[in-house]
């Protein structure tokens, strides 16, 4: 009984330590060669026209180091491979902008990667 309690306490401490980190680990897996980021935007009645959209991405939540500007107000999609800089954990927002400022979406976390590639040679050997 005492051994089980110690194991449970250690597991609880590990869970608490892992659970208290500031950065959330993304759980959406996307193939960066095929996935697209899609969005909708419905302007308010008093909204000024948009000049376009900015897709802002980074590998740390809230820190966007890769900004892709789409200067077309009708844009509603972007290829993942065009808005990030490779494999790994990514956090992205889409912002609508004009000359007066911008408004961003909520953050979308995901893990980007690609399928393995190359050739496989299969042989049969007889002993």
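Structural remarks
- Checked against (1) in contact with a strand residue (DSSP E or B) (Cβ under 8 Å, 6 or more places away or on another chain); (2) more than 18 Å from residue 29 (Cβ to Cβ); (3) modelled with pLDDT of 95 or more; (4) surrounded by fewer than 16 Cβ atoms within 10 Å (Cβ to Cβ), residue 49 meets all criteria but (3).
- Leading residue by the ranking (modelled with the highest pLDDT) among those in region 80-127 that are in contact with a strand residue (DSSP E or B) (Cβ under 7 Å, 6 or more places away or on another chain), surrounded by fewer than 16 Cβ atoms within 10 Å (Cβ to Cβ) and more than 18 Å from residue 58 (Cβ to Cβ): 103
- When residue 67 is tested against (1) modelled with pLDDT of 95 or more; (2) crowded, with 17+ Cβ neighbours inside 10 Å, only condition (2) is not met.
The values are calculated or read from the model by the stated rules, or taken from the named source; none is laboratory data. This one's a predicted model, so the numbers in the text were calculated from it and none came from an experiment. All Cβ positions, glycine included, derive from the backbone under ideal geometry; neighbour counts span all protein chains shown.
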